[in-house]
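Please treat every number below as a calculation from the coordinates, not as lab data. The shown structure was predicted, so the numbers you read here are calculated from the model rather than taken from an experiment. Counting neighbours? That spans all protein chains shown, and the Cβs are built from the backbone with ideal geometry, glycine included.
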Amino acid sequence: MASAVLLEGITKRFPGVIANDGVNLDVAEGEIHAICGENGAGKSTLMKILYGMQPADEGRMVVNGQEVKFSSPKEAIALGIGMVHQHFMLADNLSVLENVILGAEPAKNGIIDFPEARRHIIELGEDYGLKVGTRDLVESLEVGERQRIEIIKVLFRGAKILILDEPTAVLVPQEVEELFRNMRELKANGHTIIFIDHKLDEVLEIADTITVIRAGKTIDTVKPEDVTARDLAELMVGSELPVPETRESTVTDHVVIEAVDAAADDDAGSPKLRAVSMKVHKGEILGIAGVEGNGQAEFVEALMGMRPLTSGSISLEGVRMKGWGTRQRREAGIGYIPEDRTRRGLLAGFPLWENAMLGQQSMEPYVRNGFWIQREAARSHTGKIVEQFDVRTPSVDVAAHALSGGNQQKLIVGREMSAELVALIAAHPTRGIDVGAQAAVWEELRQARATGLAVILISADLEELIGLSDRLVVMLRGDIVAELDPTKVTPRDLGSYMTGASTQGGES
Ligand SMILES: Nc1ncnc2c1ncn2[C@@H]1O[C@H](COP(=O)(O)OP(=O)(O)OP(=O)(O)O)[C@@H](O)[C@H]1O
Ligand SMILES: [Mg+2]
């Protein structure tokens, strides 16, 4: 089989870091090729080099048999390479149509040919089973839909070689199945796909070939039929595959957070959360399961004071938080790991030490005796987070955007978990984190729970949700539709409650 992409000895250095250290990669034409490796191993960097976003310092690139040197993505696109990034790059305030054609507008007599563009997008959608509404505003779309737009955008530019950087990280299991159907469809039509994924069972299901990268070097290239998930984990991080387990219960009857008939609207003013009631106790992890868009986000925003309740109440340690802003809630000891790290979790251009005190600027150890920011305290505190949570970085002074995606996530988790908390709202805490670091975050959550933290855990990783939670509730269309015992439920059962295929009538 001919190679669609051949990379030889690719080396890329950043200040203090060798991101790629002589990487080799051979991707056959028409295959689905997975790239695995721990956070910071150099996967995204390698893909950005292939896409012409960053020049390599050394090495050779051959695309479709032709040696290439790209100085911009434009040149890669011209050779049929397209990339969907780890962090989406759509413009929220534009329509789907405008987003797709942006920078590649088809023109007739010098005017943008919108009807032709719309026809082409609809045709692509039909060919590959990628359903999209061309007139919708991107800000109104769910993540799964945004991703489909990103893929269409790449196909619209004529890509034959598609690079997908962690496409499944933001998807719920049902959406992953749909993405995999799309990927198989693309492959059947002669496309080559290179994709990055931390979920090893997914990699084994969809990939034809797997290349493992560690610390910027190619470790091995294997076939899924020859390896297990455990083998892959060992190749990646050199240790065994961890399992999420909570161990003995630490749940008390001391209620920390209580929601009573809490209701809220979405931004457009339609009801999104309908009379939700729940209690979370000291020492308890309450898992919230649900397909994205069923009110979980609104609930979390209401809890953090970012969205008003239209009725009902939420209290902390018996005190209603009505009228409290986000800062007051944080000061009262609620930690928050947000779902969208680039929009809500980090200031990309600021150094790690400033990011490490975001949301806590007004608290110890950053402010002492009424004085403003203690810079050295902040730097040394950041150093501790970096060490404890294994954030791979040359120093605490680099900008947050210089960290790999998973290391950004580890920094946020570390920041939130190192504050003095009574409660923690953790939305997808291990999203984009490699299997080794995931185990470390699980252990931190268990330890925090053992010392009395009340945790609300939201996760699309059903094994994580089942493994860590003491109690599980399922949200569907803004309601809690089931309460389940995690020791008795399988991911499959949970999935069918999430879609409404199973319901909790009298029988359970
Ligand atoms: N623009 C940059 N400036 C400085 N350092 C960078 C930059 N981009 C990446 N790095 C560094 O290069 C290394 C590899 O990063 P990369 O994003 O390729 O990792 P990755 O394998 O994609 O990890 P993840 O699974 O967390 O996404 C990291 O140590 C990162 O900090
Ligand atoms: Mg990456």
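Partner lysines whose Cα lies under 17 Å from the Cα of residue 131, excluding those fewer than 8 positions away in the same chain, are identified as 153.
3J(HN,Hα) couplings calculated from phi for region 89-104 with the Karplus curve 6.51 cos²θ - 1.76 cosθ + 1.60 (θ = phi - 60°) are, in sequence order, 10, 7, 8, 4, 8, 10, 6, 4, 4, 4, 4, 5, 8, 3, x, 9 Hz; Gly and Pro show x.
Given an 8 Å cut-off on Cα distances and at least 6 residues of separation, report the relative contact order of region 3-237 as a percent. Contact order relative to length: 28 percent.
Taking the Cβ of residue 293 as the center, what net charge do the other residues with Cβ under 11 Å away carry, scoring Lys and Arg +1 and Asp and Glu -1? Could you put the intermediate results ahead of the total?
Details: positive: 272, 477; negative: 142, 145, 175, 266, 292, 298.
For residues surrounding residue 293, the net value is -4.
Over region 343-420, the hull volume per residue, using the convex hull of the C-alpha atoms, is 82 Å³.
Grab the other residues whose beta carbon is less than 15 angstrom from that of residue 15, score K and R as +1, D and E as -1, and report the net. Mind showing how you got there, number by number?
Values: positive: 12, 13, 392; negative: 57, 397.
Charge balance near residue 15 sits at +1.
Amide H to amide H, with H built 1.01 Å from N, residue 424 comes under 5 Å of 335, 454, 455, 456, counting only residues 5 or more places away or on other chains. Only lysines eight or more places from residue 322 in sequence, or on another chain, were considered; those with a Cα closer than 30 Å are 272, 279, 282. One quarter of the surface of the convex hull around the alpha-carbon atoms of region 1-70 equals 4.7 nm², the direction-averaged projected area. Here the Karplus curve 6.51 cos²θ - 1.76 cosθ + 1.60, taken at θ = phi - 60°, turns the phi angles of region 273-278 into couplings of 10, 10, 6, 8, 10, 7 Hz, with x standing for Gly and Pro. Rounded to the nearest Hz, the phi-derived 3J(HN,Hα) couplings of region 197-203 under the Karplus curve 6.51 cos²θ - 1.76 cosθ + 1.60 (θ = phi - 60°) are 7, 8, 8, 5, 5, 5, 4, where x marks glycine and proline. Under 5 Å between amide hydrogens, built in the peptide plane, is the criterion, and for residue 195 it picks out 33, 34, 35, 164 among residues at least 5 positions away or on other chains. Here region 3-237 has an Rg and Dmax of 17.7, 58 Å, counting Cα atoms alone. So if I take the centroid of the Cα atoms in region 129-177 and the same for region 40-110, what is the distance between those two points in Å? Here the answer is 16 Å between Cα centres.
With the Cα gyration tensor of region 1-127 in hand, convert its eigenvalues to equivalent ellipsoid semi-axes via √(5λ) and list them largest first in whole Å.
Values: eigenvalues 196, 61, 43 Å².
Taking √(5λ) for each eigenvalue gives 31, 17, 15 Å, largest first.
What full-extension length gain, to one decimal in nm, is calculated for residue 342 and residue 231 as 0.36 nm per residue of separation minus the Cα-Cα distance? Numbers along the way, then the final one.
Working: separation 111, 0.36 × 111 = 39.96 nm, distance 3.21 nm.
The span from residue 342 to residue 231 would gain 36.7 nm if fully extended.
More than 14 Å apart: what percent of Cα pairs in region 133-185 qualify? Value for region 133-185: 55 percent of Cα pairs lie more than 14 Å apart.
Taking a Cβ cut-off of under 10 Å around residue 97, the surrounding Lys, Arg, Asp and Glu residues balance to a net charge of 0, with basic ones at +1 and acidic ones at -1.
So what's the back-of-envelope 222 nm ellipticity for the chain, counting only DSSP H runs of four-plus at -39500 (n - 2.57) apiece and dividing by all residues, rounded to 500?
On the way: 16 runs with 157 residues, N = 508.
Rounded to the nearest 500, it is -9000 deg cm²/dmol.
Share of Cα-Cα pairs in region 100-253 beyond 27 Å, in percent? The calculated P(r) of region 100-253 puts 39 percent of pairs beyond 27 Å.
If R0 is taken as 35 Å, the Cβ-Cβ distance between residue 181 and residue 215 corresponds to a FRET efficiency of 0.50. Distances between every pair of Cα atoms in the chain, grouped in 10 Å steps from 0 to the bin holding the largest one, split as 4, 18, 28, 27, 17, 6, 1, 0 percent. Across all directions, the average flat footprint of the convex hull enclosing the Cα atoms of region 186-302 is 12.6 nm².
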